[in-house]
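Just so it is clear, none of the values below were taken in a lab; they were calculated from the coordinates. Note that the structure is predicted; figures quoted are calculated from it, not measured. In this analysis, Cβ positions are derived from the backbone assuming ideal geometry, glycine residues included, and neighbour counts consider all displayed protein chains.
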Amino acid sequence: MSEPGSGPSEASSGGSPALDPRAYQIGALSALLLYGSAALGFDLSAAHVGLLLGTALAAQLAWTVALRLPAFEGKSALISGLSLCLLLRTRSPLAAALAATAAISSKFLLRWHGKHVFNPTNFGIVAVLSATRSAWVSPSQWGSTAFLGFLLACLGGLVVQRAARADVTAAFLVPYAMLVAARSLWLGEPLEIPLHRLQAGALLIFSFFMISDPKTTPDRRAGRVLFGALVAAGAAYIQFRLYRNNGPVWSLALFSPLVPAIDAVLPGRRYAWRGRIPSPFQKGDPRETLPSPRALLPPVFGHEPSGARLLRLLRGEGRREAL
């Protein structure tokens, strides 16, 4: 039974069982990238886009071969690559490749009970910002027009609704907006200043495409609301007390390791992409899922090597699954 108020979409891919919701994410992110390049004049060359997308897909393939996984999963890698194209700016090809590689590798190396610890895009951005001085996130690249904000909100809303994670987006945006407005009121700033801050395109992309990732948010709705509020409070503190740019990005990386603890206190049904169903055999742990039918087939690369078995044991996983 799903948690109250969540509906069956908690364990499925959304309202339409025939289409993987990641296809909507890819379409929305691609449209935003084309709009930014064509209408807003992003300083983003085709070679740079190709490098990010190619590195992300190559890293996904490399880990698939190394761990002898039963299938290559390119959708999530493409989503991470497109998100990096939209948010990360660097003039260093090495930094771009590092961000994409770190993002994809985190899905395979940083896991707990079969669940990603970090959102891949978030991890890639934080990794390259921490390791180099040649990368940045520019929140002003999108401008602050109401039309653009409406466009991003509509596209993002479509994605999170199909991914059943609109609650965590609202749980982040509402407290964060209130904290930003409260600070401006306390300082006696005009209303235009907090509105300008909240109209940043990067904030909307973060809210609708990053923190709403169903594979890295808590399983239960109450846990997601708590998680969103914690990230909002941390983002406001980092942004306005520590005076560091990209407060939401740093805050999400800081609080993501708490998700396993939230899931332990507030257990819920584990989200599954299309092709996976909740396990009826793990009654004591409603977060467990059965592998898809494809995952039950023999691996295409032969027997699983001992190194892959050891890696799965260290990550606390008892079975192979496509990532």
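Any number yet on Rg/Rh for region 10-265, C-alpha, Kirkwood?
Details: Rg = 17.5 Å, Rh = 18.5 Å.
Using only Cα positions, Rg/Rh for region 10-265 is 0.95.
Label region 17-99 by shape, choosing from rounded, prolate and oblate, from the square roots a ≥ b ≥ c of the eigenvalues of the Cα gyration tensor; if a/c is under 1.5 it is rounded, and otherwise prolate applies when a/b is larger than b/c, oblate when it is not. Spell out each step's value before the answer.
Working: a/c = 3.35, a/b = 1.28, b/c = 2.61.
Because a/c hits 1.5 or more and a/b fails to exceed b/c, region 17-99 counts as oblate.
Please compute the length gained on full extension between A23 and L110, using 0.36 nm multiplied by the number of residues separating them and subtracting their Cα-Cα distance. The partial results should precede the final answer.
Working: separation 87, 0.36 × 87 = 31.32 nm, distance 2.47 nm.
Separation in residues times 0.36 nm, less the Cα-Cα distance, equals 28.9 nm.
Within region 192-231, which trypsin sites (Lys or Arg not before Pro) sit in a loop by DSSP and count at most 12 neighbouring Cβ atoms inside 10 Å? Intermediate results must be reported in sequence, preceding the final value.
Working: sites: R197, K215, R220, R221, R224; in loops: K215, R220.
The qualifying sites: there are none.
At a 10 Å Cβ-Cβ cut-off, how would you order E189, E73, fewest neighbours first? If you can, show how the numbers build up before the last one.
Details: E189 12, E73 19.
Fewest-to-most Cβ neighbours within 10 Å comes out as E189, E73.
Run the numbers for H196 and S134: contour at 0.36 nm per residue of separation, minus the present Cα-Cα distance, in nm.
On the way: separation 62, 0.36 × 62 = 22.32 nm, distance 2.67 nm.
Between H196 and S134, full extension yields an extra 19.7 nm.
Quick one: Karplus J couplings for region 92-104, per residue in order, coefficients 6.51, -1.76, 1.60, θ = phi - 60°, nearest Hz, x for Gly and Pro?
9, x, 5, 5, 5, 5, 4, 4, 5, 5, 5, 4, 6
Neighbouring Cβ atoms within 10 Å as the yardstick, rank I211, I79 fewest first.
Going from sparsest to densest Cβ surroundings: I79, I211.
Taking θ as phi - 60°, what are the ³J(HN,Hα) couplings along region 41-54 by the Karplus curve (6.51, -1.76, 1.60), each to the nearest whole Hz, with x for Gly and Pro?
Per-residue couplings from phi come out as x, 4, 7, 9, 7, 5, 5, 5, 4, x, 5, 5, 5, x Hz.
Please give, to one decimal in nm, the separation of the simple spin-label points placed at L254 and R68, each 7 Å out from Cα toward the Cβ.
4.3 nm
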